[in-house]
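Working notes, structure below.
The values are calculated or read from the model by the stated rules, or taken from the named source; none is laboratory data. None of the values given here were measured: they were computed from a predicted structure. With ideal geometry, Cβ positions are generated from the backbone for all residues, glycine too; neighbour counts draw on all protein chains shown. Protein only, heavy atoms only, side chains kept; ligands, DNA and RNA dropped before computing areas. Shrake-Rupley method; radii C 1.70, N 1.55, O 1.52, S 1.80 Å.
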Amino acid sequence: MAHINMADTARSCDTYLLFNGETLLPNGVRAFIYTVVLAYCFIGLSAITGRFFKSMESIMRHSREVVTVDPHTNATIVKHEKVWNYTIADVALLAFGTSFPQISLATIDAIRNLGQLTAGGLGPGTLVGSAAFDLFPIHAVCVVMPRAGSKKKISDLGVWLVELFWSFWAYIWLYIILEVWTPRVITLWEALLTVLQYGLLLLHAYAQDKRWPYVSIPLARGERPEDWVPAEDASVDYDDNYDGIGDILPGQNEDIVDIFSAHSYSNEGYHHVSEKDVEESSIGLTLKNKWEDTHWFSIWWQQFVDAATLESSVSRKMDSTCLRVIRISWNLIIAPWKMLFAFVPPYEIAHGWIAFICSLIFISGIAYGVTKITDQISYVTGVSPYVIAFTALAAGTSWPDLVASKIAAERQITADSAIANITCSNSVNIYVGIGVPWLVDTMYNYFVYQKPLYIDNAAGLSFSLLVFFATSFGCITVLVLRRVILGAELGGPRMWAWATSVYFMILWVVFIVLSSLRISGVI
């Protein structure tokens, strides 16, 4: 089997990406071109992720009106309850959304390998590498994000511990099915159990959030501010840091992407309003809905106008000609992406669900292109696809995780969502990102060949998991020490914040170097 794969790879070196003339170019030139195209795909992924988050914010903001009668006063009480529970929104929407580039890449890689008894390597390699990127570089960025001297700590330790447990168990489970239960083979039942554990994570996280007896950790929730994003920070412009493609125009602050503002709610999950306020807000809501229903086509058309605009009114006011040229050049480079993604319907329609689904389709399309480009880079350079997956693909597809956690660390009062996004994303990577592709392949092999799914480089993947366990233990230990000594996981004295950040980056480099050397056969 190994000899056949090597022969196939040798023949595949003559393959091309777009046109046959590519094979006439030197391999070094081809590798450079493919790398530039891969980077351009990551820019597009960042752009569509911005629209994806806007639609997700709209979904998370959706609330329903609940009317009850006070039994003592017979007064009518109107409650506005969020449709999505806070913790479930973090695990199901935020973590799933930021991990969807990796999930779609792994699923596409699995579909491409249907009919083969051996699983593809891009998906698992990218997801394990993404877990390391999430845990180390993203923590390194978040720990220095709070203002100098300020501290941000996790307010709900119980929920974080539950999420942390399922995050670590995910990788322990992956090692068990790779090396212990059925070594280097994945059966249909193993894949099915992997996916089902995501449901257990959701249930356990919800139980902890609601403090169900017997199944939740008896830890009190710390104080949460009623306004999740403080008023003094609400006007700060973070859009350019978020999607990297937009200009903030005067009067457009309401369009700034802020997925975390959806978490603004009271501890009871609703707020009381007077009848007068309800009446006024209902009228305003009705007028707003009528306006959106009538003018959504105009909003959609404006997306195309914005995509075709290379210079905004803000950039025209810049005194520096050099900066204006750079801004215009950048907008020109990303104009194709902006124009393509303008076809995504406005997120004001149907609470954002249509834009949500369309964004997922675009993300899947980019992920498919990334897999093809990665194949070409591997063919012309001879670098193992696993190494590329651990490094370039993991970092590129984890960009949404980095941006989401960075914004949370900057804008939120506590460190809950910034750190929860990391731990939950790592869980989603395994239970969904690896579980679903393996379930697809094992089901196909079971019904067509009556065979399980073989993992070609299980030893290298298992070694990476062991390195990940060791380095992640060092990461979590430092977070606990910061909590005990400094009183917070993020921020604190600048010297200690930067020292922690450098330490996390060193752990990531250790993981990358050891995993790459093992997969390449050096160690």
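How much of the pair distance distribution for segment 19-119 lies past 22 Å, counting alpha-carbon pairs only, in percent? When every Cα pair of segment 19-119 is considered, 62 percent fall beyond 22 Å.
Here, segment 399-523 has an Rg and a Dmax of 18.7, 60 Å when only alpha carbons are counted. These residues, L323, L507, go from largest to smallest accessible area, 1.4 Å probe, as L323, L507. According to the Cα-based calculation, Rg over Rh for segment 29-185 is 1.09, with Rh computed by the Kirkwood formula. Over 32 Å apart at the Cα level, from the set K152/K338; K152/K372; K54/K451; K79/K151; K82/K151; K82/K372, are K152/K338; K152/K372; K54/K451; K79/K151; K82/K372.
So, by mean Cβ neighbours within 10 angstrom, what's the order for 27-38, 433-444 with the highest one leading?
For the peptides 27-38, 433-444, the packing ranking is 433-444, 27-38.
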